[in-house]
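Participant: Structure provided below as structure tokens; questions to follow.
The values are calculated or read from the model by the stated rules, or taken from the named source; none is laboratory data. Just so it is clear, the model here is predicted, and its values are computed rather than measured. A quick note on method: Cβ atoms are made from the backbone with ideal geometry, for glycine too, and the neighbour counts reach across all protein chains shown.
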Amino acid sequence: MATFTFRAVDLAGVATKGQLEATNKQVVTEQLRERGLIPLDILEDKTAVAQADLLERFKRVKSYDITIMTRQLATMVASGMSLLRCFYVLEEQTENDKLKEVLSEVRRDVEAGLSLSTSMEKHPKIFNQLYTAMVKTGEASGMLDECLVRVADQLESAESLRRQIRAAMVYPSLIGGFALVVLLALVAFLIPVFEGVFKDFGGELPAITKVSVAASHAVTGYWYAILIATVVMIVSFVKFKKSDWGKPKWDAFKLRIPMKIGDTVQKVCLARWSRTFSGLIHAGVPILQAVSITGQTSGNTVVNNAMEEVYDSIKRGGTIAEPLRAAPVFPAMVGHMVGVGEETGNLDGMLDKIADFYEDEVAAAVKDPVRWWNRRIRRDFDVHADVQGLRQHQVVRPLWTLLALDARWPVNCTSTDIRPMGLRP
């Protein structure tokens with residue numbers, strides 16, 4: 001809905017002006033004529049539009065809400081309800097304001113004579129290519145309810161993967177954040193105290209201790225520059241990931257991250273790829289369109305490039321399995337299973353088995369992240385001990401050395417057998 005400012009006159013010639021909310025100028029004109037007014041000028045309020053756009057950026061539609069809405073729509077369509085009545089019911093039951101507004105616009109487009117898939121294509125942020133392609137296939141085949149169920153299953157599988165990954169990242173994020181806070185506290189508060197002690201005693205400090213003191217000066221004296229540099233680096237990194245040049249490099253790097261993180265990323269990509277590809281084929285989407293949509297919705301440029309090779313292979317009359325075997329991102333097992341699926345005519349079933357396998361692998365990889373990270377910490381205990389020893393060498397050892405050099409005996413001490421550390425003849 002947009003806000004329009006109008007000027008109009010009534011039948012007596014009396015001028016009036018005001019504002020109305022409507023979808024377009026034609027609707028405003030009809031409303032004014034129903035009031036007995038003759039419109040002279042109708043302008044869209046750009047200020048209201050800008051404010052609305054600003055608010056829209058903070059409104060989100062969760063995948064959970066879309067999944068529930070899709071389930072409800074599939075149930076109502078299967079029961080024989082008309083599409084318009086289904087959307088009226090969904091508008092009343094949906095709690096998310098953003099989704100309710102989108103459903104209202106889709107309903108109006110359907111009322112105007114557009115197909116459901118065409119109406120949904122106007123809202124790509126809510127209904128992605130996978131969603132609209134399966135809806136279009138369902139409309140053409142007369143199995144819209146079944147296609148909607150498949151879409152809901154696909155959304156639930158994707159949401160399950162996202163939840164598992166988020167759960168796996170909680171523990172290492174907490175550990176890393178705590179370690180960073182402790183490190184900053186040591187550099188900003190502890191080292192300056194020891195620096196004052198070092199100055200009081202005098203003497204030459206080890207080179208590594210000088211580095212720690214310099215880092216402390218940088219943190220305490222130029223914290224604003226470090227903060228600005230950090231923000232600039234984060235913004236640059238985000239733009240790098242989204243750029244056409246940087247996204248392929250970042251996607252390829254994610255697959256090579258050590259400590260089994262790259263392996264888990266690969267398994268997530270393969271699970272999403274196989275489940276999406278299977279759903280599209282089972283719904284009856286044309287194979288070339290299914291390959292194209294699967295690549296674009298895979299979430300990884302490396303997988304998308306491999307699917308482009310598959311697309312070209314099919315256009316040349318080749319197979320799907322052959323380009324997959326040549327792509328490093330796909331294990332040999334995937335290529336062989338896809339080849340068997342092509343030969344037996346059960347490609348969607350074989351892809352479902354691949355998806356089940358990799359979803360189980362992802363679940364196993366992130367099932368108990370706390371235990372996994374504890375094993376890593378125990379394995380790297382020697383490294384942590386070395387780090388602590390280095391910190392002691394930087395701060396504590398120079399302090400003891402200076403204390404020894406400055407040690408003095410009391411006046412009434414007559415023992416000649418014991419000498420202070422550092423003062424033995």
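Participant: Before we move on, is Val213 touching an Asp or Glu at 6+ places or on another chain (Cβ under 7 Å), assigned to a helix (DSSP H, G or I) and not hydroxyl-bearing (Ser, Thr, Tyr)?
Facilitator: Considered against the rule, which asks whether it is touching an Asp or Glu at 6+ places or on another chain (Cβ under 7 Å), assigned to a helix (DSSP H, G or I) and not hydroxyl-bearing (Ser, Thr, Tyr), Val213 comes out as yes.
Participant: Considering (1) in contact with a Lys or Arg (Cβ under 6 Å, 6 or more places away or on another chain); (2) at pLDDT 85 or above, say which one Val310 fails and leave the rest.
Facilitator: (1)
Participant: Could you check how many residues of region 184-199 are over 46 Å from the mean Cα position of the chain (by Cα) and either modelled with pLDDT of 70 or more or of a type in the set (A, V, I, L, M) (or both)? It would help to see each step written out before you state the result.
Facilitator: Step one: of region 184-199, the residues over 46 Å from the mean Cα position of the chain (by Cα) are 196-199.
Next, only the ones that are either modelled with pLDDT of 70 or more or of a type in the set (A, V, I, L, M) (or both) stay: 196-197.
Number of matching residues: 2.
Participant: Does Val285 meet the test of being among the hydrophobic types (A, V, I, L, M, F, W, C), in contact (Cβ under 8 Å) with a residue 24 or more places away in the chain and outside any helix (DSSP H, G or I)? Quick ask: steps written out before the conclusion?
Facilitator: On the way: among the hydrophobic types (A, V, I, L, M, F, W, C): yes; in contact (Cβ under 8 Å) with a residue 24 or more places away in the chain: yes; outside any helix (DSSP H, G or I): yes.
Yes, satisfied.
Participant: Of the residues Lys247, Lys210, Lys239, only one is surrounded by 13 or more Cβ atoms within 10 Å (Cβ to Cβ), more than 30 Å from Asp360 (Cβ to Cβ), basic (Lys, Arg) and outside the structural domain of Arg272 (by TED's automatic domain parsing); which?
Facilitator: Numbers: Lys247 fails: more than 30 Å from Asp360 (Cβ to Cβ); Lys239 fails: surrounded by 13 or more Cβ atoms within 10 Å (Cβ to Cβ).
Result of the check over Lys247, Lys210, Lys239: Lys210.
Participant: State yes or no: is Gly318 over 29 Å from the mean Cα position of the chain (by Cα) and either of a type in the set (Val, Ile, Thr) or in the same structural domain as Thr276 (by TED's automatic domain parsing) (or both)?
Facilitator: On the way: over 29 Å from the mean Cα position of the chain (by Cα): yes; either of a type in the set (Val, Ile, Thr) or in the same structural domain as Thr276 (by TED's automatic domain parsing) (or both): yes.
When the stated conditions are applied, Gly318 passes them.
Participant: Tally up the residues in region 2-27 that are surrounded by 13 or more Cβ atoms within 10 Å (Cβ to Cβ), in contact with a Ser or Thr (Cβ under 9 Å, 6 or more places away or on another chain) and within 13 Å of Glu44 (Cβ to Cβ), please.
Facilitator: So the answer is 6.
Participant: A further question follows. Being surrounded by 13 or more Cβ atoms within 10 Å (Cβ to Cβ) and in a helix (DSSP H, G or I): is that true of Ala179 here?
Facilitator: On the way: surrounded by 13 or more Cβ atoms within 10 Å (Cβ to Cβ): no; in a helix (DSSP H, G or I): yes.
When the stated conditions are applied, Ala179 does not pass them.
Participant: Further question: Listed residues Gly317, Gly295, Gly279; which is buried (at least 20 other Cβ atoms within 10 Å of the Cβ) and without any contact (Cβ under 8 Å) to a residue 24 or more places away in the chain?
Facilitator: Values: Gly317 fails: buried (at least 20 other Cβ atoms within 10 Å of the Cβ); Gly279 fails: without any contact (Cβ under 8 Å) to a residue 24 or more places away in the chain.
Going through Gly317, Gly295, Gly279 in turn, just one is buried (at least 20 other Cβ atoms within 10 Å of the Cβ) and without any contact (Cβ under 8 Å) to a residue 24 or more places away in the chain: Gly295.
Participant: A further question follows. Does Val329 meet the test of being modelled with pLDDT of 90 or more, crowded, with 17+ Cβ neighbours inside 10 Å, touching a Cys at 6+ places or on another chain (Cβ under 8 Å) and within 30 Å of Gly246 (Cα to Cα)? Even if it seems obvious, please write down each step before you answer.
Facilitator: On the way: modelled with pLDDT of 90 or more: yes; crowded, with 17+ Cβ neighbours inside 10 Å: yes; touching a Cys at 6+ places or on another chain (Cβ under 8 Å): yes; within 30 Å of Gly246 (Cα to Cα): yes.
Taking the combined requirement at face value, the residue satisfies it.
Participant: Hey, Gly299 hits all of (1) more than 22 Å from Gln154 (Cα to Cα); (2) among the small types (Gly, Ala, Ser); (3) not in a helix (DSSP H, G or I) but one; which does it fall short on?
Facilitator: Condition (1) is where Gly299 drops out.
Participant: Which members of region 84-115 meet the condition of being under 30 Å from Ser298 (Cβ atoms) and either outside any helix (DSSP H, G or I) or in contact with a Phe, Trp or Tyr (Cβ under 9 Å, 6 or more places away or on another chain) (or both)?
Facilitator: Going through region 84-115, the residues under 30 Å from Ser298 (Cβ atoms) turn out to be 90, 94, 96, 98-99, 101-103, 105-106, 109, 114-115.
Selection gives Thr94, Asn96, Val102, Leu103, Val106, Leu114, Ser115.
Participant: Does Glu308 fit the bill of being in contact (Cβ under 8 Å) with a residue 40 or more places away in the chain and either surrounded by 17 or more Cβ atoms within 10 Å (Cβ to Cβ) or not in a loop (DSSP other than H, G, I, E, B) (or both)? Explain how you work it out, then say what you get.
Facilitator: Numbers: in contact (Cβ under 8 Å) with a residue 40 or more places away in the chain: no; either surrounded by 17 or more Cβ atoms within 10 Å (Cβ to Cβ) or not in a loop (DSSP other than H, G, I, E, B) (or both): yes.
No.
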